[in-house]
Structure formats: C-alpha cells, structure tokens
Amino acid sequence: MAVQNATVPDDENPPAPDAGAVEDALLGELAERIGGALTEELTEGGSPARLVKLALPGGGFQVVKLLVDIPGAVDGHDLDSFRVKIRQIEKIRAEIPELREVYTELSDEFHGDNWSAYTMPFYANQDIAAPLRAGEDVEKRYAPQLRRILSDLVGQGYLRSSEETAPGHIAEVHADRLIRRFWLLQKYLPGALVDAETITVNGVVCRNPLRLAQTLVDQPGLTAGVDPARLYYPVHGDLNTRNILVLDDAAVSAGRGGYRIIDPRGTLGHWDPAYDLSKILFSFTVWDAGLRKGFRLTQDAGEWQVAIEGGTYPAYRAAAHGLLGLLRGLPEFQRLTADDPGWESRYLLGHAFHLLAEAACRLSDIKKRTGEDTADQLDPVDLAKGHYLYGVLFLEDAVRQLEAEGRVDHDAALSLLG
Ligand SMILES: Nc1ncnc2c1ncn2[C@@H]1O[C@H](COP(=O)(O)OP(=O)(O)O)[C@@H](O)[C@H]1O
Ligand SMILES: [Mg+2]
C-alpha cells in the first residue's frame, strides 16, 4: 500500500519517525496475522487513526483501525483513550443486550508498546446525514431514522443507569480542556486570533475564548444553574453523524436494527448525554460540511468573516435548527431531561466548546498528517481556523446569554448561522 502521510519536521521539533511508513508497516503485519488483504483506506474519520478495509480469505471484509503514537506527535493521550474505546465497545456489548445488534462488533484487538489496533466487520453503509447532502427532505429518511436510533440509545443506553454529580461539570469537561489545549491553537493560529482581547467574527465583537473559558472556571455561579445534576450510562461520547452508520433503510423504519453505532469516545464512567447530542448539532452546523467543503475565510481591517466554502448543504441547516425539537418529541428524551431545566443551555454551550475543541484536534496531528502528497487535501490550519472562528462566535453568544439571562436560548444561538 502506498505511503499516505509523511512527517514534516519544523524548527522546534526534531524529525519524528515517518508516521505513514510506520503505520503502513504495522498494517501490513496485521493483515498478515489476520490472513487478509488490505484493500482500501477509509478516510471519513476525524481522528489520527488509520482505517483500512481488509478482504478475508473466506470472503467478506473487516476493518482494521490502527493508532500509532509517534514520538513528537502533539497529543499524548490519544493512545490511552483509543485503548479505552475498545473496552467501552466491549462493556456496552456485554452489558446491554438490547444494543448488541446495533453497536459495532469487536472482532479482535492487537497491541504494541506505542500502538494499538482493533478489527470489526465491514458494514456497507451510508452515514445518517448522507441523504441530506443529496438534498433529500429531512423528514424523508434522516429525521425518522434519527428518532428511532436516539430512542434506542437513550432508552436502552443512557437511561440504563445514572449517578449524581457535583456542580462544576461544564467547567471541568469543557472549559478546563480548552484551557489545557489552548497552547496548540496559539502555536499554529495567528496572534490576532488567539491572543487578542476581542476578535470580531461575522460582525460580532467576541471575547477571547481562553478568557471566557477561564471566566467559567473562576465564576462557578455562571454555570451552576445549567450544570448537570446527574450523569448517565456512557453509551457513546463522540456521537457525530459519521459515527452513526445506516445499513438498511427498511430495517431501521421497521424498528429491526439496520444501523451500527461505531467509534465511542473511550470513556467508562457515567457521562452527560448533552455532550453527545450536541455533537450531532455540531456535525450539522459546521463540522461535517466544513471538513467536506472547507471554509471561506476573509479578513478585512482586523475583522474576520467565516463561512462554509460554497455554502452548507441546505438540509443540514434544517437538520441543525430542527434537532432540539426532534429530541423533545421523543418520550425517552423527555424522561431523561424531566428534572434537568439546564439541558438546552448545556447543549448549546457544549456545541460552542466542541467547535473550539475540534480546532485543536485539526492541529493535534498536523505533524503526522502533513506531507507533500497531501497537496490536494484541505489545509489543516484552515480547517482549524474555520472551526475556531465559529467556536469564538458561538461561545461569546452562549456566555453572553448566560450572563444576561442565566440560560442559553436555542433560537438565539442558531441565528448566528445566518
Ligand atoms: N466497521 C466499519 N464499516 C464500514 N465503515 C467503517 C467502519 N468503521 C469505520 N468506518 C468508516 O470510517 C470512518 C472512520 O472510522 P472511525 O472509527 O469513526 O474513526 P475516527 O476515530 O477517525 O473517527 C467512519 O466514519 C466510517 O465512515
Ligand atoms: Mg469517527
């Protein structure tokens, strides 16, 4: 298989071993151990992992997912959470028989000192959002399918168990994480974007997101009214639309499975479902279209404009605006949120933080993924900038609403999409 990625050393970091070559060698060894042949690379993922389809000798296909921790790569926690992903898949399949049919199988796992891999069956699929990219009306397939899938995940998954949690969850999960990873944004993005006190995005004067994150940590009263009081069974943790695979439309509509949930975050403790459901929102507002089309970024007299290149898919906009209503129509969701008045605010704050976290993710494997053979790919720094500018805009709005009203309103927040 061709080497896909090369590592480009920069001034501050010594040359790391060639990540692409190390991965290719391991993928070759794994294929040999499994006795299959590597066919095509699956490139829809958002992580530094490599995914390759493997043809088995007896017919049929598996997928190998490999993560190698290269010395000098930026985020040292990737491999730990990758290994916990495997345990999370195993836990859910063992503990929730009702979800076993729809949750990714785990065929095998392999580990080395600085790498891990797992295999699963290959599922011929479309992601849940695919019909929307083709211009199909949200009510034709996407919305009924999502209702069915979320009824299962909430009813059988999140609601399976819960525990109380102390105030401060938003600060701990979102704000602290942004503060810890902000150096990465400061390393690759221009000072005018990351160090300035205010950043003007699409005509809105926004406060620096690092300062806003610090404000949320320093002033617990701001989020006390919207923090979760309970956390729920960790059924996923990274529920973006590319991790929801539809295999069989007819089976989904008949309530007979027909879909697979893949790629959980790698978390075994109780979890806030608002975090996961705002990943779906984030997929539709910015992330999925941004990664497919890129961003149009312009700067004029110190003011920034950001948009999805060529405009987003119209049905994605409808899906984003309609998601909260869709959720509220589900009996399982009503049960989940009956005593949780801060849910809507947390969903929107989570959405803003997901955008900023994604900006850091785009940069975190930049050394691993930047090579001369990637000229036709979207520039990771531009992808980071696009997510960052949207994140700055949405976080300013969410915090401003919290300060003024004690809550974040959905329609007010999504009006920022224009
Ligand atoms: N078992 C599978 N069958 C078919 N496609 C898969 C399978 N696993 C992953 N994919 C495809 O590869 C993409 C990336 O896989 P994923 O495990 O989500 O990696 P990442 O951690 O990079 O997001 C998925 O969004 C999906 O399109
Ligand atoms: Mg994924």
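The values are calculated or read from the model by the stated rules, or taken from the named source; none is laboratory data. As the structure is a prediction and not an experimental result, all values here were calculated from the model. When we count neighbours, we look across all protein chains shown, and the Cβ atoms used for this are built from the backbone with ideal geometry, even at glycine. Areas reflect the complete protein model, heavy atoms only, side chains present, ligands, DNA and RNA absent. Shrake-Rupley method; radii C 1.70, N 1.55, O 1.52, S 1.80 Å.
Assorted remarks:
- Inter-site label distance for A130 and T215 at 7 Å from Cα along Cβ, in nm: 4.3 nm
- Within a Gaussian network of the chain (alpha carbon springs, distance under 10 Å), most fluctuating of V201, V22, V381: V22
- Averaging Cα coordinates gives a centre for the range 177-205 and one for the range 258-314; these two points are 18 Å apart.
- Counting only residues at least eight positions apart within a chain, or on another chain, the aspartates and glutamates with an alpha carbon under 13 Å from that of K91 are E105.
- L56-S151 pseudo-label distance in nm [points 7 Å out on the Cα-to-Cβ vector]: 3.2 nm
- Among T215, V138, T298 the positive-end extreme of the charge dipole of the range 125-417 (Cβ point charges): V138
- Dipole magnitude for the range 125-417: about 520 debye, using +1 per Lys or Arg Cβ and -1 per Asp or Glu Cβ, origin at the Cα centre.
- Once the Cα-Cα distance is subtracted from the 0.36 nm per residue extended length, the L106 to V205 segment shows a gain of 30.9 nm.
- Simple rule: put +1 on each Lys or Arg Cβ and -1 on each Asp or Glu Cβ in the chain, find the dipole, and look at I262, G155, A25; the Cα lying farthest toward the positive end is G155.
- Were the residues from N114 through T165 laid out at 0.36 nm apart, the gain over their Cα-Cα distance would be 14.9 nm.
- For the range 126-141, backbone phi angles converted through the Karplus equation (6.51, -1.76, 1.60; θ = phi - 60°) give residue-by-residue couplings of 10, 5, 4, 8, 4, x, 5, 5, 7, x, 6, 4, 4, 7, 6, 10 Hz, Gly and Pro being listed as x.
- Proximity of backbone amide H atoms, modeled 1.01 Å from N, is registered between F295 and E309 at under 5 Å, excluding neighbours fewer than 5 places apart on the same chain.
- Between D195 and A224, the FRET efficiency estimated from the beta carbon spacing at R0 = 25 angstrom works out to 0.25.
- The chain: relative contact order in percent, alpha carbon pairs under 8 Å with at least 6 residues between: 19 percent
- Listed pairs K85/K279; K187/K385; K65/K85; K53/K140 exceeding 20 Å between Cα atoms: K53/K140
- For the chain, with +1 on Lys and Arg beta carbons and -1 on Asp and Glu, the positive-most of L193, L79, G406 along the dipole: G406
- In the context of the full protein assembly, S415 retains an accessible surface of approximately 80 Å², using a probe radius of 1.4 Å and ignoring ligands and nucleic acids.
- Extending 7 Å from Cα along the Cβ direction at E172 and again at K91 yields two label points whose distance is 1.5 nm.
- Mean Kyte hydropathy of 1.6 or more with a Cα span along the axis of at least 18 Å, helices from DSSP in the chain: none
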